[in-house]
Amino acid sequence: MDSFSLQSGAGSIHPDIDAASANTAPPGFLVPEDSWDCHAHIFGDYNKYPLASSRQYTPPVQNEIDYFKMLDATGLSFGVLSQPSVYGKDNSALIAAISASKGRLRGVVVADLLQTSDSDIELWDNAGIRGVRLNLAIPGCLNPEGLTELGPVLEQLGWHLEVVLKTIEDLPPMAGILSRLPVPVIIEQMGSVRARDDIAGKAFTTLISVIKDGLWCKLSHAYKISSESPGYLDTLPYARAIIDASSSRLVWGSDWPHPRVPGPMPTDGKLLDLLFEWVNADITILHAILSVNPQKLYDRYRPGWHGLNHIEGKML
């Protein structure tokens, strides 16, 4: 049985994690116009969108309507949904939410594009999918050895690759192949660094090096990095080192609705306030991270999809 086999029926399913707060206050600064939250998840009705039987947690239902309320409350204009592990490779809930968003949402799927039909890829592209997620922390997701073949497919689509590291120690062995891919590569969760990690160590300095050389990084998941809940101020030196490496290739994500958050449930306005601390109140950098940079990834020119057989040099 596939490691992502689906569990049908909702009668025996009970959430084992908390829902996000329904009362989100805005941050203490004026959010720039056309700002993006570049990392969020939605969890739809269990009967309509079955969860993977091998999932590591069971979320409460929190859909795109709930997410829009958070965006509106914080002053954010757009959102990017990232396929959560609880659905495995079934992207149905994500595609449905994006398709119904009237252009407000984009998305990143978990899929083997080399085994996906041209018609599905075209449907996803038209709906607003702009990338594929490689989650090294979850067994059964996209195999990193297939990245060389995947690169030309992503390039033709104008999509990017998002990489979730299990720990930051996973980065040095992968840095070479990621840097050679012909598409933007985003390292999620600030490289999965932890506040106890050596900021001058090989793993974190490799992250800084690849960002300087052209990779992207997502500023997010402060509560997984930090040992100081709920302020997360021990994340400051790591975040500022990443920002200093290249503020033009950074985006920010809330990780709403914060599945499996360690410690108290955060509020998204406070997470934006933390970003303001990370950029040291620099409005130009803040505008780049929240507005300018996301548009390069999620509203960029796309060459168009012509099918796997049209990829130069590939026999299929």
Run Ala245 past the list (1) in contact with a Gly (Cβ under 8 Å, 6 or more places away or on another chain); (2) buried (at least 17 other Cβ atoms within 10 Å of the Cβ); (3) over 30 Å from Pro15 (Cβ atoms) and report the number of the one that doesn't hold.
(1)
Taking only pairs six or more apart or across chains, which ones have beta-carbon atoms under 7 Å, a first residue in the stretch 261-272 that is on the phi > 0 side of the Ramachandran plot, and a second residue that is part of a helix (DSSP H, G or I)?
Gly263/Tyr223
Looking at (1) assigned to a loop (DSSP other than H, G, I, E, B); (2) modelled with pLDDT of 95 or more; (3) more than 18 Å from the chain's Cα centre (by Cα), which is the only condition Ala20 fails?
(3)
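I need the full set of residues from the stretch 22-43 which are of a type in the set (Gly, Ala, Ser) and either in contact with a Leu (Cβ under 9 Å, 6 or more places away or on another chain) or crowded, with 18+ Cβ neighbours inside 10 Å (or both), in order please. Working first, answer last.
First pass over the stretch 22-43, keeping only residues of a type in the set (Gly, Ala, Ser): 22, 25, 28, 35, 40.
Gly28, Ser35, Ala40 - these are the residues of the stretch 22-43 that are of a type in the set (Gly, Ala, Ser) and either in contact with a Leu (Cβ under 9 Å, 6 or more places away or on another chain) or crowded, with 18+ Cβ neighbours inside 10 Å (or both).
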Assess whether Tyr67 counts as being hydroxyl-bearing (Ser, Thr, Tyr), outside any loop (DSSP other than H, G, I, E, B) and under 19 Å from the mean Cα position of the chain (by Cα).
yes
Filter result (crowded, with 21+ Cβ neighbours inside 10 Å and farther than 22 Å from Val210 by Cα) within the stretch 248-266
Ser254, Asp255, Trp256, Pro257, His258, Pro259, Pro266
Report the residue count in the stretch 23-59 for those that are at pLDDT 95 or above, of a type in the set (Val, Ile, Thr) and out of contact with any Pro (no Cβ under 6 Å at 6 or more places or on another chain).
2
Only one of Gly88, Gly107, Gly131, Gly75 that is of a type outside the set (D, E, K, R), closer than 18 Å to Gly158 by Cα and touching a residue at least 40 places away in the same chain (Cβ under 8 Å)
Gly131
Is it the case that the stretch 115-123 has a residue that's buried (at least 20 other Cβ atoms within 10 Å of the Cβ), under 17 Å from the mean Cα position of the chain (by Cα) and either within 23 Å of Thr24 (Cα to Cα) or not acidic (Asp, Glu) (or both)?
no
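Mind listing whichever residues of the stretch 218-259 are polar (S, T, N, Q) and either at pLDDT below 95 or touching a Cys at 6+ places or on another chain (Cβ under 9 Å) (or both)? Step through it out loud before you land on a result.
Let us first name the residues in the stretch 218-259 that are polar (S, T, N, Q), namely 220, 226-227, 229, 235, 246-248, 254.
Scanning the stretch 218-259 gives Ser220, Ser227, Ser229, Ser246, Ser254.
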The lone condition Thr284 fails out of (1) part of a loop (DSSP other than H, G, I, E, B); (2) surrounded by fewer than 14 Cβ atoms within 10 Å (Cβ to Cβ) is (1)
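Going residue by residue through the stretch 93-103, is there one that turns out to be under 17 Å from the mean Cα position of the chain (by Cα) and surrounded by fewer than 22 Cβ atoms within 10 Å (Cβ to Cβ)?
If we filter the stretch 93-103 for residues that are under 17 Å from the mean Cα position of the chain (by Cα), which is where we start, we get 93-95, 97-98.
Okay, now just the ones that are also surrounded by fewer than 22 Cβ atoms within 10 Å (Cβ to Cβ), so 95.
There is at least one residue in the stretch 93-103 that is under 17 Å from the mean Cα position of the chain (by Cα) and surrounded by fewer than 22 Cβ atoms within 10 Å (Cβ to Cβ).
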Under the condition of being outside any loop (DSSP other than H, G, I, E, B) and out of contact with any Phe, Trp or Tyr (no Cβ under 7 Å at 6 or more places or on another chain), which residue from the stretch 252-269 is nearest to Gln295 (Cα to Cα)?
Trp252
Pairs with Cβ under 7 Å, 6+ apart, first in the stretch 113-127 and on the phi < 0 side of the Ramachandran plot, second β-branched (Val, Ile, Thr) and crowded, with 17+ Cβ neighbours inside 10 Å:
Leu113/Ile121; Leu113/Val132; Leu113/Val153; Leu114/Val153; Trp124/Ile95; Trp124/Val109; Ala127/Ile95; Ala127/Ile98
The stretch 73-85: number of residues that are surrounded by 22 or more Cβ atoms within 10 Å (Cβ to Cβ) and among the hydrophobic types (A, V, I, L, M, F, W, C):
3
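The values are calculated or read from the model by the stated rules, or taken from the named source; none is laboratory data. Just so you know, these numbers come straight off a predicted model, no measurement behind them. Cβ coordinates were reconstructed from backbone atoms using ideal geometry, including for glycine residues, and neighbour counts include every protein chain displayed.
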